[in-house]
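Colleague: First the structure, which I've put down as structure tokens, then a few questions once you've had a look.
The values are calculated or read from the model by the stated rules, or taken from the named source; none is laboratory data. Please read all numbers here as calculations on a predicted model, not as lab measurements. Neighbour counts are summed over all protein chains in view; Cβ atoms, including those assigned to glycine, are modelled from backbone coordinates with ideal geometry. The protein model used for the area step is the full one, side chains on, heavy atoms only, and it has no ligands, DNA or RNA in it. Shrake-Rupley method; radii C 1.70, N 1.55, O 1.52, S 1.80 Å.
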Amino acid sequence: MSDREIMYRDALREALHEEMTRNPEVFVIGEGIAERGGSYKVTEGLLAEFGAKRVRDTPISEASMIGVGVGAAIAGARPVVEILYIDFAMLGMDQIVNQAAKFRLMTGGEGRVPFVLRTQGGTGGGVAAQHSQSLEALFYHIPGLRVVMPSTPYDAKGLLKYALRQPDPVMFLEHKHLYMTKGHVPDGEIIVEFGKADIKREGTDVTLIAWSNMIPRTLEAAEALAAEGISAEVLDPRTLVPLDREAVLKSVAKTNRCVIVQEAVRRGGVGSDIASIIQEEAFYDLDAPVTVLGGMNTPIPFNLALEQASVPQKENIVEVVKRVLHADLVA
Amino acid sequence: MTKKAVARRKQNVPPKELLQDLFTTAYKIRNFESEGIKLYRQGLIRGYFHPYLGEEGIATGACAALEDRDYIASTHRGHGHCIARGASIDGMVAELLQKRTGYCKGYGGSMHIADITQNNLGANGIVGAGTPLGVGAALANQVRGSDAVTITFTTDGATNNGTFLEALNLAAIWDLNFILIIENNQYAVSTTIEESTREPDLYKRGLAIGVDSVQIDGNDSLLVYQTVSDAVEKCRAGKGPVLIEAKTFRHSGHHVNDPGKYMPEERLAYYKARDPVDRARENLITMGGMSAEEVRKIEEAIEKEFADAVEAAKNAGEITVEEFREFVSEY
């Protein structure tokens, strides 16, 4: 059944199920993840399958849940800590930034932290300022962490399985809007290594770099642009750390133009860093300035129209791409 | 309990072997810190150095109650815990002298000495961070079906950090083999415990969340050994966790460059009259029947071991910038 289509959340569950079956040291903790199966149903059924020792609910103690995960990882286990919203991970920043990210260096390479923090971010559903943030840049900034942002069920499964086999702390950042999206995931083993970008759509006129929930939106924009004769390539880095620089530079060398689309606020974002890499390393390949289309520099408001105005929409992407191509002047 | 421990318990008088162990460890720490401060004054050690002088009884007694399979997590004042856990003086001195032969190859320094091979999760520069890390190690061991016990050494200063309650509570609801030892030296840097809390009997915080908790004299290594042995036994029987508040006092300021002028002389005199190293020596002579000359021989061997370690470290090389760049190339 190679044409099997499943939802993003089911792909994540399959990854956990397979890795828990494969390795008895993999276990999962989080709020409401055991009997209830988690707010997004990612861990549904795991308790019945693997028992209460390996699938457990926690009280609301984010700082220590994360710290416990880090400690268990240092002790050689393979913990997966689910944090309900990325906003809540802020309570555990000491353990992520000062402990998990630094342990390998501080111990001269003797200590490793194979710790996976699963959480979700992004806008959608009117959950307002403290439940809607896109905070990948905070983790991207900290040397020692891996930052993973799958956009499809296939990538979600393959990257989570890889995360549970590699030796470093992983910020596995899902998107609340993607859990119910469907995609192709063949039966059997899938592993997606970190640092390998994926071209989600081939094109020749402009490279659109996006990740997480900006991928489906950017693909819609690319479709609309195609109708106007513009061929956009859509590149998904899939992991921001490590970043597949080669794939980015290769695509830009082909298209000579680049627009980076990020849901996170524009200021201090990952997009700005990717743009700086491109201008430093591929300046002479460029026919136009690299443009970053980011979210507004604002907390996410509750009101639907304002929420939508806060982050890039399909129309914004189309408009920016045309501007970069001067297509608006030609028309 | 091991056969050795059972045999010790059957006797009312502690065996000479135990008393000798306790004195040897306590003196090793005393010598390491006293001589280390001299090296610091000579400019051979950079950065911070938080001496464990005056608190040796706690690490000494606690680690003597552990087996190889057990774990510890330490504090910023961590030299004593490492030594008591059996760390090599060579590796520790070399680390303080930033040499490649050091425990962390010179990447960590005083506050980050760890030894994964001895299940030592390491010292920690963030006050309080070791509590969730230790609970994590205890959780990993429960998941893998091991009866290993984890001790986190923490401080009175850390008890007003949120993770103190969070992590101890997690250990309690999961019945983990976890022992939290508060080294109550009565100061958070220069702020007294009385200024920091209305209830300076810190063990009562454990009682409030259903954890067996006791307060003891931390300057009595034999009492610490007996109390921790009981706690270990309780944990291995599935009745953990246990909280132990061990009262003690620093012999000097918070770190080598803090003269500790704020510490009242009479209180310091009170604790110096109950010096943990003197008491361990006294026990070995009076209860263990060892002569003063024999004791001195033990001390001389310890002093020589340290002096040799300093010579070896002085002659050792350092990690090169090229090696460092390679080490972090994937960050």
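Colleague: When you scan the stretch B:106-126, do you find a residue that is of a type in the set (D, E, K, R) and modelled with pLDDT of 95 or more, even just one?
Modeller: Among the residues of the stretch B:106-126, not one is of a type in the set (D, E, K, R) and modelled with pLDDT of 95 or more, which makes the answer no.
Colleague: Taking B:Thr192 as the residue in question, decide whether it is within 8 Å of chain A (Cβ to nearest Cβ) and of a type in the set (Val, Ile, Thr).
Modeller: So B:Thr192 does not fit the description; no.
Colleague: Within the group A:Tyr140, A:Tyr154, which residue is closer than 30 Å to A:Gln99 by Cα and aromatic (Phe, Trp, Tyr)?
Modeller: A:Tyr140
Let's see how each residue does on (1) in contact with a strand residue (DSSP E or B) (Cβ under 8 Å, 6 or more places away or on another chain); (2) facing chain B (nearest Cβ under 9 Å); (3) closer than 22 Å to A:Ile86 by Cβ:
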| site | (1), (2), (3) |
| --- | --- |
| A:Lys41 | no, no, yes |
| A:Ala48 | no, no, no |
| A:Thr58 | yes, yes, yes |
| A:Glu62 | yes, yes, yes |
| A:Met65 | yes, yes, yes |
| A:Ala72 | yes, yes, yes |
| A:Ala75 | yes, yes, no |
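Colleague: For the list (1) over 11 Å from A:Val206 (Cβ atoms); (2) in contact (Cβ under 8 Å) with a residue 60 or more places away in the chain; (3) open to solvent by less than 90 Å² (accessible area, probe 1.4 Å), I need the number of the one condition that A:Leu325 fails.
Modeller: Result: A:Leu325 passes all but (1).
Colleague: If you take the residues of the stretch B:150-174 that are under 27 Å from B:Ile193 (Cβ atoms) and aliphatic (A, V, I, L, M), which of them is most open to solvent (accessible area, probe 1.4 Å)? Break it down stepwise before answering.
Modeller: The first filter runs over the stretch B:150-174 and keeps only residues under 27 Å from B:Ile193 (Cβ atoms), leaving B:150-172.
Subsequent filtering for residues that are aliphatic (A, V, I, L, M) retains B:151, B:158, B:165, B:167-168, B:170-172.
Working: B:Ile151: 0, B:Ala158: 3, B:Leu165: 93, B:Ala167: 0, B:Leu168: 2, B:Leu170: 0, B:Ala171: 0, B:Ala172: 21 Å².
Going through the qualifying residues, I end up with B:Leu165.
Colleague: Still on this structure: Please work out which residue is least open to solvent (accessible area, probe 1.4 Å), limiting yourself to the stretch A:285-300 and to residues that are of a type outside the set (A, V, I, L, M) and within 22 Å of the chain's Cα centre (by Cα). Full working, then the answer.
Modeller: Within the stretch A:285-300, the first condition is being of a type outside the set (A, V, I, L, M), and the residues that meet it are A:285, A:287, A:289, A:291, A:294-295, A:297-299.
Next, from what is left, pick out any that are within 22 Å of the chain's Cα centre (by Cα): A:291, A:294-295, A:297-299.
Details: A:Thr291: 30, A:Gly294: 19, A:Gly295: 3, A:Asn297: 86, A:Thr298: 44, A:Pro299: 97 Å².
Checking each candidate, the answer is A:Gly295.
Colleague: Tell me, yes or no, whether the stretch B:49-56 has at least one residue that is surrounded by fewer than 22 Cβ atoms within 10 Å (Cβ to Cβ), touching a residue at least 12 places away in the same chain (Cβ under 8 Å), of a type in the set (Phe, Trp, Tyr) and touching a helix residue (DSSP H, G or I) at 6+ places or on another chain (Cβ under 7 Å).
Modeller: Within the stretch B:49-56, one or more residues are surrounded by fewer than 22 Cβ atoms within 10 Å (Cβ to Cβ), touching a residue at least 12 places away in the same chain (Cβ under 8 Å), of a type in the set (Phe, Trp, Tyr) and touching a helix residue (DSSP H, G or I) at 6+ places or on another chain (Cβ under 7 Å).
Colleague: Has the stretch B:164-179 got at least one residue that is within 21 Å of A:Gly67 (Cα to Cα), under 15 Å from the mean Cα position of the chain (by Cα) and more than 9 Å from chain A (Cβ to nearest Cβ)?
Modeller: Yes; the residues of the stretch B:164-179 include at least one that is within 21 Å of A:Gly67 (Cα to Cα), under 15 Å from the mean Cα position of the chain (by Cα) and more than 9 Å from chain A (Cβ to nearest Cβ).
Colleague: Go through the stretch B:303-331 and give me each residue that's more than 14 Å from chain A (Cβ to nearest Cβ), among the acidic types (Asp, Glu) and surrounded by 14 or more Cβ atoms within 10 Å (Cβ to Cβ).
Modeller: Of everything in the stretch B:303-331, those that are more than 14 Å from chain A (Cβ to nearest Cβ), among the acidic types (Asp, Glu) and surrounded by 14 or more Cβ atoms within 10 Å (Cβ to Cβ) turn out to be B:Glu303, B:Glu305.
Colleague: Got a sec? Which strands (runs of 3 or more DSSP E) wholly within the stretch A:130-242 have at least 1 residues that are under 22 Å from A:Phe88 (Cβ atoms), open to solvent by 10 Å² or more (accessible area, probe 1.4 Å) and assigned by TED's automatic domain parsing to the domain that holds A:Leu325?
Modeller: Passing ranges, in order: A:239-241.
Colleague: Please go through (1) outside any helix (DSSP H, G or I); (2) modelled with pLDDT of 95 or more; (3) open to solvent by 30 Å² or more (accessible area, probe 1.4 Å) for B:Met290 and return the number of the only condition it doesn't satisfy.
Modeller: Only one criterion in (1) outside any helix (DSSP H, G or I); (2) modelled with pLDDT of 95 or more; (3) open to solvent by 30 Å² or more (accessible area, probe 1.4 Å) is unmet by B:Met290, namely (3).
Colleague: Modelled with pLDDT under 95 and either among the hydrophobic types (A, V, I, L, M, F, W, C) or crowded, with 22+ Cβ neighbours inside 10 Å (or both), is that true of B:Val256?
Modeller: The answer is yes for B:Val256.
Colleague: Residue check: is A:Phe88 modelled with pLDDT of 95 or more, assigned by TED's automatic domain parsing to the domain that holds A:Tyr162 and within 21 Å of A:Glu136 (Cα to Cα)?
Modeller: yes
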